[in-house]
1. Scan the stretch C:145-166 for residues that are in a helix (DSSP H, G or I) and surrounded by 17 or more Cβ atoms within 10 Å (Cβ to Cβ) and jot them down.
2. For C:GLY56, work out the one condition from (1) surrounded by fewer than 24 Cβ atoms within 10 Å (Cβ to Cβ); (2) without any contact (Cβ under 8 Å) to a residue 24 or more places away in the chain it doesn't fulfil.
3. Mind checking whether some residue in the stretch D:318-330 is among the aliphatic types (A, V, I, L, M), within 23 Å of D:VAL64 (Cα to Cα) and in a helix (DSSP H, G or I)?
4. Given the conditions (1) crowded, with 24+ Cβ neighbours inside 10 Å; (2) touching an Asp or Glu at 6+ places or on another chain (Cβ under 9 Å); (3) farther than 26 Å from A:TRP60 by Cβ, which single one is not true for A:ALA283?
5. Residue under question is A:ALA110, and the condition is that it be in contact with a strand residue (DSSP E or B) (Cβ under 6 Å, 6 or more places away or on another chain), over 27 Å from A:LEU6 (Cα atoms) and among the small types (Gly, Ala, Ser); does it hold?
6. Return the residues of the stretch C:179-201 that are crowded, with 24+ Cβ neighbours inside 10 Å and in contact with an Asp or Glu (Cβ under 7 Å, 6 or more places away or on another chain); say none if nothing qualifies.
7. Collect the residues in the stretch D:127-139 that are in contact with a Gly (Cβ under 9 Å, 6 or more places away or on another chain), surrounded by fewer than 24 Cβ atoms within 10 Å (Cβ to Cβ) and in contact (Cβ under 8 Å) with a residue 60 or more places away in the chain, keeping them in residue-number order.
4 protein chains.
Amino acid sequence: MGRARLRELGISVGLLPTGPLNAITDVAGVRVGHSTIIHDKPSIARTGVTAIWPGGDDTWARAVFAAYHSFNGNGEMTGTIWIDEQGLLASPFCITNTHSVGVVRDALVAYAVKHKVPQDWHLPVTAETYDGWLSDAESFPVTQEHAFAALDNAASGPVSEGNVGGGTGMICHDFKGGIGTASRLVATAGTTFTVGALVQANYGARELLRVDGVPVGREIGLTEVRSARHVPQSEGSIIVVLATDAPLLPIQCKRLARRATSGLAWVGGIGSNGSGDIFLAFATGNRIPRDKPVVDTRMVAPDQMTPLFQGAAEATEEAILNALTAAETMTGFQGRTVHALPLDPLQAAMRKYGRLR
Amino acid sequence: MGRARLRELGISVGLLPTGPLNAITDVAGVRVGHSTIIHDKPSIARTGVTAIWPGGDDTWARAVFAAYHSFNGNGEMTGTIWIDEQGLLASPFCITNTHSVGVVRDALVAYAVKHKVPQDWHLPVTAETYDGWLSDAESFPVTQEHAFAALDNAASGPVSEGNVGGGTGMICHDFKGGIGTASRLVATAGTTFTVGALVQANYGARELLRVDGVPVGREIGLTEVRSARHVPQSEGSIIVVLATDAPLLPIQCKRLARRATSGLAWVGGIGSNGSGDIFLAFATGNRIPRDKPVVDTRMVAPDQMTPLFQGAAEATEEAILNALTAAETMTGFQGRTVHALPLDPLQAAMRKYGRLR
Amino acid sequence: MGRARLRELGISVGLLPTGPLNAITDVAGVRVGHSTIIHDKPSIARTGVTAIWPGGDDTWARAVFAAYHSFNGNGEMTGTIWIDEQGLLASPFCITNTHSVGVVRDALVAYAVKHKVPQDWHLPVTAETYDGWLSDAESFPVTQEHAFAALDNAASGPVSEGNVGGGTGMICHDFKGGIGTASRLVATAGTTFTVGALVQANYGARELLRVDGVPVGREIGLTEVRSARHVPQSEGSIIVVLATDAPLLPIQCKRLARRATSGLAWVGGIGSNGSGDIFLAFATGNRIPRDKPVVDTRMVAPDQMTPLFQGAAEATEEAILNALTAAETMTGFQGRTVHALPLDPLQAAMRKYGRLR
Amino acid sequence: MGRARLRELGISVGLLPTGPLNAITDVAGVRVGHSTIIHDKPSIARTGVTAIWPGGDDTWARAVFAAYHSFNGNGEMTGTIWIDEQGLLASPFCITNTHSVGVVRDALVAYAVKHKVPQDWHLPVTAETYDGWLSDAESFPVTQEHAFAALDNAASGPVSEGNVGGGTGMICHDFKGGIGTASRLVATAGTTFTVGALVQANYGARELLRVDGVPVGREIGLTEVRSARHVPQSEGSIIVVLATDAPLLPIQCKRLARRATSGLAWVGGIGSNGSGDIFLAFATGNRIPRDKPVVDTRMVAPDQMTPLFQGAAEATEEAILNALTAAETMTGFQGRTVHALPLDPLQAAMRKYGRLR
């Protein structure tokens, strides 16, 4: 599922080294799972669910700190009001299509009930982007079982990218989009931390697409690859999930989340009106158990934060580009086709502007 | 459904006059509907859905301005990220129990699809409080049909209070809580506006309960009426919906929403840790049609706002008290009983402190 | 300077016990100092500066965590953008009149320079309320030296209240206002913490004034004590400073700050349009040294927070009332007189409503 | 004062056309003035004040809507609490050095008093970046008179850039920074609006500097032009002022302000820890008079906003680059020299990467 990762094409972005997998799963304990839903009957579905466990087996028992930032809030991420209040994330969470946020959100409750999580109520996180161009969104194809499957098959290790999970039917900068991931190793505070990003990329105008500063979107003209859709550039959205093993406080997770904006800008995202550009950052460097009245925590000193910010921006940038290079051309609802970003013209553009030998 | 409204007991709070119905429906165009779910099989359910249409028939076609405030965010209200971004509310919305937020949220999408609302994607608002003390929340008793019914039966006119709709299984200040409503007429800016409140009240410690400043919660001791539950005071939540016909901008709706905090405080709510005290305010004085590139709007001058703030605080206060005086004793899940606020001791306490002749 | 504290009148509010001084200085390390400026030449000045050291001698060397909340932002508090970003407060701070915020803010920079604080730049906190009714604000009577004096004379121990420091010329609920303070002992998380409040109270309509729920403002009619001014109720502001020795994270300081809203509401403040109701909360239970790359911190568990919230609300309420009972009638600019809250009628009103024997 | 504007070097960035002046003053009514302070006695000063009038002569009488966004809040902008509350800006405002925020802020009060603005209290906006590398910041060289001069000499027409006004002593991406400006014409909502930006640029690491995607910072190595300072990259800040004649509501000004993040990212700013990256956006398309109880306003429809967002991002990007190409090498405090961005190597780098013929 996927054609290439950006670096396999000889293209790299950013200044910091990647983690071993160049994936969000380079942050220990993070697991990613996908349910990919592709069928033409009873309705044409090109959709799915992506599940993320922030803290391994004991995600429910030992919360992590988290925060979110909305760069442009034409989208949904449930659970954020509590995250904003106290900065705790104590559950796996999911990304899906816009019209299935509810079923997936309730599925997270049911999944916790099923697994006898000793907690009265649940306020789970589910985010979305809209795939109604390629998928019959009004047929509501996602079920509780799809969410359960994504949660169950979540694993550490390499992460499938492109037309998978919640990203199955997505469009990005007028090419086929979807799920992408990347990571950075960040030397600061006397040690090396990892920052990973996972995106569900479904935003953007073609003319604004840049790769390492090269105006790829304008180079790969509409004559070459037909436009995905004849719609205003303001359609679409991007969900960015940032993970780090650094011991950040909630207020620092918020700072990290905001840096997805920089990485997004480098690829060409400006938060168009119709875009739900919502970023969730969590940090596993503190784990918060239940039932301790006072909890020991740690905090990276503020003046040690900048490299983490850079890591977050770079990982976001590369995760989007990985989504674009991994995603394959797809035909779906009403016979519409969205073309993949063509890799040869991409490399040609990079060469033309002196970025590829 | 309900025993009395506060004023029927000879008790009134606040300085401003009420609207004709003393209900949120005093704001023209606002409709309220309930689906009340009470059954003992296949599971014990004491729950429901309350639906609110902010702008009458053309709620979808002509949005209103809105904003929310979270006083203590241990709760959920979907759709708030877009409301925070642009301040538009263009759909009916619902309040239900915590674990049914998803099904009701998706039902709002399906309802819009069913009614052929010409809009690609929907980010509906659904809020919640937790009724798992009286209702078997883990049996997920709410269905799409319940939401549809609440939406369909929504009407202007008097609003049922107490054990109805989303408020069916709720507990407030250790007495039976639920849905309550009230309104105020506000003379400002050379005219008279209406501010209405509707609450789903499920929060609070008994000892903090006050009625017009009288410490009713301490007066009606636990020996008199058994405690609803033996749980920390931090359980529970309150959703407050504020409506006004004043032409407020989104930033002014936010100001209004924040004043629910004052009304809540007057009754004894301090936003305990486990409480989702989330307030949504909308203003029908501006209607925003689709497809106009520039929209004419109006704004109450800032220095005319204070009376509206007072109206919002007073209506919130009285709506909570109406929920308490309307709600009836209920027995539910695991044989638990939650007692209604006893009206005679309430009046006795008011008399003792010089508020009732 | 001052007539009585509320409890000396036999009146108490709230459920929690006070600290030994019933003052913000019950939080170890907190120091308060005042510069009171009262002169009739060269201009009529009834103003001053109140300085607060959050962390004793090593306030500069070991920061505390802090956060602010604006209930109604018609006011100024400098330094809040950095507090919002990282939650650190590493400097003493001041409260003064509206038009002297700048000189006092720069004085805090100069004071740090003078004391050779090893830090390149400073973003100090200075807040204000407006005293232009009693003081010729446009004569700019506050100088750097006044700020230095308040900083230098700050001390632990009892705190002067009423017409002192930044509170000198203030008006509250149409009576003479000013500085007030109070504290609460809070048993939670297996120990006892202290929460203290200090207010500069300059807000409010007379008819909304309540003492322990008794409508004192309406009981002490305008015939009895002339109105302070013939101005809309929306004039005025209140700055609330909350301190605790609990180990709160910045996000938890924000939660605490928000509870000043409840205490304010109990006295009758609804955040009128012209009011700058801005609350700063800091917690000394974590101290953040310079130059440590990773800092050990602690956090009160979220479910242990509610008693601290109640303490914050109660301390705010009583601090305002202490300002009112301490402040003395004052005549100032243009011969205007603002009357003190008369203590005998206050006690009579409390008696009438069953609160005082 | 200045060497070149970016476009005079044959380099252009962005897709949208510029306004006639390519300056914030392309927005009708906007005036900019500078007080530049350069002296070696009694202290070495390289600082100043930049004043901006958002709405021409009647700035005080007819407010504009405004909002701010803090991308990284290690900085100060006074007056923002009221802007956040109600979205009104009714005064000229200033940008200066960090330690002179207070004197300039109070000067704005005094200036309004001097001009008999009929308003009791003032909450003016003053922002800052830190110039203590080149200027003896602890000598506090800025006076009220400097602020008055900047306010008095503010004018429409071309804007001086580089080492002027508040930007005099600033450093950007390790080269000499300062004031820069740019504008865009934005076709949307059936008309053409102007978006202008003015920056006081004092942030950034050299290695992250990009011009139209070209890694200029790494191309112009440290061997070629000595580093400005041997300090962590996290020093410095940027203030961005965005102006538009579009009729935006306050909530929409906030959306616009946030887009400065994108333009900043394109040049290489990631909001390092020590950076005060604070953005103020105002819109002159609505003017709010005093004393009207209900004010007619207009709003660009949300789905017409995206081109304005792009204009804001592009104008910010180009304003920063104009600051860099205009600013001249400067020697100051303690004999330190900060080099200007060398224009020939800049053009060579652009040529190397195919952006300049």
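The values are calculated or read from the model by the stated rules, or taken from the named source; none is laboratory data. A quick note: this is a predicted structure, and the numbers were derived from the prediction, not measured. With ideal geometry, Cβ positions are generated from the backbone for all residues, glycine too; neighbour counts draw on all protein chains shown.
1. Within the stretch C:145-166, C:HIS146, C:ALA147, C:PHE148, C:ALA149, C:ALA150, C:LEU151, C:GLY165, C:GLY166 qualify.
2. Just one mismatch for C:GLY56, condition (2).
3. Looking for residues that are among the aliphatic types (A, V, I, L, M), within 23 Å of D:VAL64 (Cα to Cα) and in a helix (DSSP H, G or I), one finds at least one in the stretch D:318-330, hence yes.
4. (3)
5. So A:ALA110 fails the test.
6. C:ILE179, C:GLY180, C:THR181, C:ALA182, C:SER183, C:ARG184, C:THR194, C:GLY196 - these are the residues of the stretch C:179-201 that are crowded, with 24+ Cβ neighbours inside 10 Å and in contact with an Asp or Glu (Cβ under 7 Å, 6 or more places away or on another chain).
7. Those that are in contact with a Gly (Cβ under 9 Å, 6 or more places away or on another chain), surrounded by fewer than 24 Cβ atoms within 10 Å (Cβ to Cβ) and in contact (Cβ under 8 Å) with a residue 60 or more places away in the chain: D:GLY132, D:TRP133, D:ASP136.
For every residue, the table says whether it meets (1) touching a helix residue (DSSP H, G or I) at 6+ places or on another chain (Cβ under 6 Å); (2) among the β-branched types (Val, Ile, Thr).
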residue	(1), (2)
C:ILE270	yes, yes
C:ASN273	yes, no
C:THR284	no, yes
C:ALA301	no, no
C:MET305	no, no
C:ALA340	no, no
